[in-house]
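The values are calculated or read from the model by the stated rules, or taken from the named source; none is laboratory data. Just so we're clear, the structure is a prediction, and the values are computed from it rather than from any experiment. Using ideal geometry, Cβ is built from the backbone for each residue, glycine included, and neighbour counts are taken over all protein chains shown.
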Amino acid sequence: MSELRYDNQVVVVTGGGAGLGRAYALFFASRGAKVVVNDLGGSGKGEGNDTKPADTVVSEICAAGGVAVADHHSVTSGDLIIETAIKEFGRVDVLINNAGILRDVSFRNMTQRDWDLIMDVHVRGAYKCTRAAWPYFRKQKYGRVVNTSSASGLFGNFGQTNYAAAKFALIGFTKTLALEGKKYNIFANVLAPGAGSRLTATVMTPEVLSAMSPAYVVPLVAVLVHSSNTETGSIFEAAAGHFSKIRWERSKGALFRPDDSFTAGAVVKRWRDVGDFERGRPEHASGSADMITKLEEAKKAPR
Ligand code: NAD
């Protein structure tokens, strides 16, 4: 990565006071960027606040000769975080929506607060920060966004209906930002990371934790937000040095005529076809436009 630099760019990292965010902040500052280290400094469950995490990372960056400023707002006040970037550095080029909390509990025992707080920090937080940065990105015809999802969002995870829902919401959010941003050279991608941190300390063994340094996720984010990147609207996994991409797959499916032969019984008869991924070429669906084609084909389907 020695050639990747971010000189004269302003990078905003939310939740930059610890874990993955801290690793991003240190990296971008070491590669010439001016960094806004945002962190509310609350507990892992989203209670309280503390200026220390963001301040400590800023001190580390400055001690190493880098340029950074701390911001202690919650991401739910994303406009104020972007305001910090504009006030201090006059611009914003890269936004890494990374701040996160967990409130794990079985769905049966989940309180309204468990649901709302998770939605607020992950979904509303990413929305508020991106919404505030968007006019600057559009005006300068440049912007890079990384939104942080999770394997939990992609696949579900016991005790995380709130978190999984929030993390999946970020996928639709990002894919649409990518569509709307493309002509303005604004690229947005999703990251589903894995790293040892406060959030995972209780669910990973010490050996696994040490093999999953947040630093091993940084190179992927570094590539995604670099000016040379052309990737947008994609979902990446990154953990322990393994980087991969996730995409959708549509089964061959079954076509039904939209007339009175199209009954629930007809669907039951062809149920295996509906979910058949083995026969026919798999389709890697990437848009909604092809549904129109399917409707046209359905009209011609045999009885
Ligand atoms: P972490 O707890 O070490 O760091 C998260 C940081 O976000 C903390 O410093 C916290 O104070 C800050 N934060 C929380 N709420 C905030 C708010 N409202 N406003 C501003 N800052 C806030 O956790 P981490 O593991 O580094 O997680 C970073 C991101 O990656 C999160 O979005 C998390 O959901 C996601 N993630 C992590 C893993 C993993 O394996 N560590 C896996 C999947 C997803």
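All but one of (1) among the polar types (S, T, N, Q); (2) assigned to a strand (DSSP E or B); (3) surrounded by fewer than 16 Cβ atoms within 10 Å (Cβ to Cβ); (4) in contact (Cβ under 8 Å) with a residue 12 or more places away in the chain hold for S244; which doesn't?
(4)
Can you name every one of the helices (runs of 4 or more DSSP H) wholly within the range 256-303 that holds 3 or more residues which are over 25 Å from T176 (Cβ atoms) and modelled with pLDDT under 75?
So the answer is 290-299.
Tally the residues that are on the phi < 0 side of the Ramachandran plot and away from the ligand (no atom under 15 Å from the Cβ), restricting the search to the range 2-16.
Number of matching residues: 9.
Mind checking which residues of the range 97-134 are under 16 Å from A169 (Cα atoms) and hydrophobic (A, V, I, L, M, F, W, C)? Steps first, please.
Within the range 97-134, the first condition is being under 16 Å from A169 (Cα atoms), and the residues that meet it are 97-102, 115-131.
Of everything in the range 97-134, those that are under 16 Å from A169 (Cα atoms) and hydrophobic (A, V, I, L, M, F, W, C) turn out to be A99, I101, L102, W115, L117, I118, M119, V121, V123, A126, C129.
Can you name every residue in the range 96-111 that is away from the ligand (no atom under 14 Å from the Cβ) and closer than 14 Å to A165 by Cα?
V105, S106, F107, M110
When you look at K45, is it surrounded by fewer than 21 Cβ atoms within 10 Å (Cβ to Cβ), within 25 Å of S152 (Cα to Cα) and of a type outside the set (A, V, I, L, M, F, W, C), yes or no?
So K45 fits the description; yes.
Which condition does L177 not pass, out of (1) crowded, with 19+ Cβ neighbours inside 10 Å; (2) within 13 Å of the ligand (Cβ to nearest atom); (3) among the aliphatic types (A, V, I, L, M); (4) within 17 Å of the chain's Cα centre (by Cα), if it passes all the others?
Here L177 clears every test but (2).
For the range 180-189, indicate whether the set of residues that are outside any helix (DSSP H, G or I) and within 12 Å of the chain's Cα centre (by Cα) is non-empty.
Just the residues of the range 180-189 that are outside any helix (DSSP H, G or I), to begin with: 185-189.
From the residues that got through so far, the ones that are within 12 Å of the chain's Cα centre (by Cα) too are 188-189.
Within the range 180-189 (the criterion being outside any helix (DSSP H, G or I) and within 12 Å of the chain's Cα centre (by Cα)), the answer is yes, since at least one residue qualifies.
Of (1) without any contact (Cβ under 8 Å) to a residue 40 or more places away in the chain; (2) assigned to a loop (DSSP other than H, G, I, E, B); (3) of a type outside the set (A, V, I, L, M, F, W, C), N229 satisfies all except one. Which?
(1)
Quick one: how many residues across the range 205-225 are assigned to a loop (DSSP other than H, G, I, E, B), within 12 Å of the ligand (Cβ to nearest atom) and of a type outside the set (S, T, N, Q)?
Step one: of the range 205-225, the residues assigned to a loop (DSSP other than H, G, I, E, B) are 205, 212-213, 217, 225.
Keeping just the survivors that are within 12 Å of the ligand (Cβ to nearest atom) gives 212-213, 217.
Applying the additional criterion that residues be of a type outside the set (S, T, N, Q) yields 212, 217.
The total comes to 2.
Which members of the range 125-159 meet the condition of being outside any helix (DSSP H, G or I) and either within 16 Å of the ligand (Cβ to nearest atom) or surrounded by fewer than 22 Cβ atoms within 10 Å (Cβ to Cβ) (or both)? Working first, answer last.
At the first step, the residues of the range 125-159 found to be outside any helix (DSSP H, G or I) are 141-150, 156-159.
Within the range 125-159, K141, Y142, V145, V146, N147, T148, S149, S150, G156, N157, F158, G159 meet the criteria.
May I ask you to verify whether E3 is modelled with pLDDT under 95, more than 14 Å from N98 (Cα to Cα) and assigned to a loop (DSSP other than H, G, I, E, B)?
yes
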